[in-house]
Amino acid sequence: MTQETATIRNNSTGEEAEFSLLKGTVGTPVVDVSNLNKQLGLFTFDPGFMSTASCKSAITYIDGEQGILLYRGYPIDQLAEKCSFLEVAYLLMNGELGNQQEQAEFEHEIGQHAMLHEAMHGFIDGFHYDAHPMAMMVGIVGSLSAFYHSELNMNDPEHRRISAMRMLAKMPVIATACHRHSIGYPFVYPRADLSYCENFLNMMFSLPSQKYIDKDNYIDPIAVNALNLLFILHADHEQNASTSTVRLASSTGANPYACIAAGIGALWGPAHGGANEAVLSMLEEIGSVDRIPEFIAKAKDKNDPFRLMGFGHRVYKNFDPRATIIRKACYEVLESTSAQDPLFDLAIALEKFALEDEYFVEKKLYPNVDFYSGIIYKALNIPVDMFTVMFTIARTAGWVSHWLEMMAEPGQRIGRPRQVYTGKNLRNV
Ligand code: SDX
């Protein structure tokens, strides 16, 4: 089959050249412009990478117009209904769902890697009690590179696999240790007899007075199921800002724990993973249904920096399938925990108002994954400043999967974008 091409013509010089068209399994074809500068003496300019593919990947596919999200080809709603988070993590990392033995071995190994080096507790204690948990996560995850560096051979697939397993295993332990430090409670160690999500709840809340752990160490299955669902829905999402950060950092061959810490820093921003915390703050600021029009007007006002947090998406120009699933789960969790949350009713009213407003319809701004997730986290007694930490735990599965995919690819090159220089021309001092 002849290679399909695209012709680019520079009308200011009359030069033109042909460039290969690359097509994936599905999705928008791309023009391979890697030789554009050599052939036509041009660079491309695409701030925010609105139309730029940075890599080839077989992990996740999103169709923004159709509201489709596939992890290794499986629709997100089927995985959310039929799998646990660790089954999805295995799928993302390995390309296929594990059979019973493979999954059991995977989960056993996750349990083996869950413990933190005792010295790390000293790092966590070094933070002031009111440090934001995401600030602690960036520091503590980055410090894993101080414990796992000298013996790491990034050219060895087994070293890479173990590094990925360590990160997935330790993330909830670090997350809960940061939270307990912020409330002055002692750390709780992971237990071999608990599942990934049960361990998270136990490490977060295990005091008899807490809702999920009573004197018989009963852990509420409603909370476990809700966490599995939320972690699955947040596990991966193609080349989003934080995953692209992990890939760019990893392209230099840097220590993988330091690269994941870079991804955590990127995820923290309110335009990205920090939106779930910002949604709750926004709902609390709006306060009541009668104030919704005032905030919708602010969101539409070009002179007002306020944006409706939890709305809009770079890729989804229709509904975010994850938001649809979470919205349904919100009802179930609130109903089953009989948690009356006026913020949920306010969220439903705000969604209705926005979806009937011509500005939001015209700009295709629909609720995204972060709009409802905070409501569930709040119903599970997760503190608001831990919401993006929850996103971090889940997205670690995606980050390490992209890291493994990228490091296994032959001929990996360092990422080094070009620019349009707008500064002073050559001049003498
Ligand atoms: C996540 O990339 C991923 O996949 C991310 C994520 C993942 O799983 O990794 O899905 C997770 O980050 C979800 C998004 C969470 N962020 C928010 O909810 C914050 C609020 N949303 C916006 O900041 C914004 O919608 C973004 C950042 C999500 C997307 O920004 P884009 O694609 O750069 O769009 P844009 O800023 O160019 O906006 C296009 C227009 C603009 O108006 P005009 O300049 O064309 O007149 O829509 C407007 C914007 O002003 N707009 C909004 C808006 N989002 C966009 N106006 C009001 N409220 C909003 N939320």
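The values are calculated or read from the model by the stated rules, or taken from the named source; none is laboratory data. As the structure is a prediction and not an experimental result, all values here were calculated from the model. We place every Cβ from the backbone using ideal geometry, glycine too, and count neighbours over all the protein chains shown. Surface accessibility is based on the protein's heavy atoms, side chains included, excluding ligands, DNA and RNA. Shrake-Rupley method; radii C 1.70, N 1.55, O 1.52, S 1.80 Å.
Scan the range 333-352 and give yes if some residue there is crowded, with 17+ Cβ neighbours inside 10 Å and among the basic types (Lys, Arg), otherwise no.
Scanning the range 333-352, I find no residue that is crowded, with 17+ Cβ neighbours inside 10 Å and among the basic types (Lys, Arg), so the answer is no.
If you go through the range 95-117 and keep only what is open to solvent by 60 Å² or more (accessible area, probe 1.4 Å) and farther than 16 Å from Ala169 by Cβ, you end up with Glu96, Leu97, Asn99, Gln100, Gln101, Glu102.
Consider Arg291 carefully, then state whether it is open to solvent by less than 20 Å² (accessible area, probe 1.4 Å) and at pLDDT 95 or above.
Working: open to solvent by less than 20 Å² (accessible area, probe 1.4 Å): no; at pLDDT 95 or above: yes.
Answer is no for this residue.
A single entry from Ala349, Ala379 fulfils the requirement of being in contact with a Ser or Thr (Cβ under 7 Å, 6 or more places away or on another chain), more than 16 Å from the ligand (Cβ to nearest atom) and more than 30 Å from Asn37 (Cβ to Cβ): Ala379.
Test Arg327 against the criterion of being within 27 Å of Leu79 (Cα to Cα) and charged (D, E, K, R), and give yes or no. Break it down stepwise before answering.
Working: within 27 Å of Leu79 (Cα to Cα): yes; charged (D, E, K, R): yes.
Yes, satisfied.
When the residues of the range 304-319 are narrowed to those that are more than 18 Å from Glu277 (Cβ to Cβ) and touching a residue at least 60 places away in the same chain (Cβ under 8 Å), which ends up nearest to the ligand (Cβ to nearest atom)? Residue satisfying both the conditions and the ranking: Arg314. Are any of the residues in the range 68-78 in a helix (DSSP H, G or I) and open to solvent by 30 Å² or more (accessible area, probe 1.4 Å)? So far as the range 68-78 goes, yes, one or more of its residues are in a helix (DSSP H, G or I) and open to solvent by 30 Å² or more (accessible area, probe 1.4 Å). From the list Ala271, Ala254, the lone residue that is within 13 Å of the ligand (Cβ to nearest atom), out of contact with any Lys or Arg (no Cβ under 8 Å at 6 or more places or on another chain) and in a loop (DSSP other than H, G, I, E, B) is Ala271. Being under 19 Å from Ala249 (Cβ atoms) and of a type in the set (A, V, I, L, M, F, W, C) is the filter; apply it to the range 145-173 and report the residue that is most open to solvent (accessible area, probe 1.4 Å). Taking the candidates together, the pick is Ala146.
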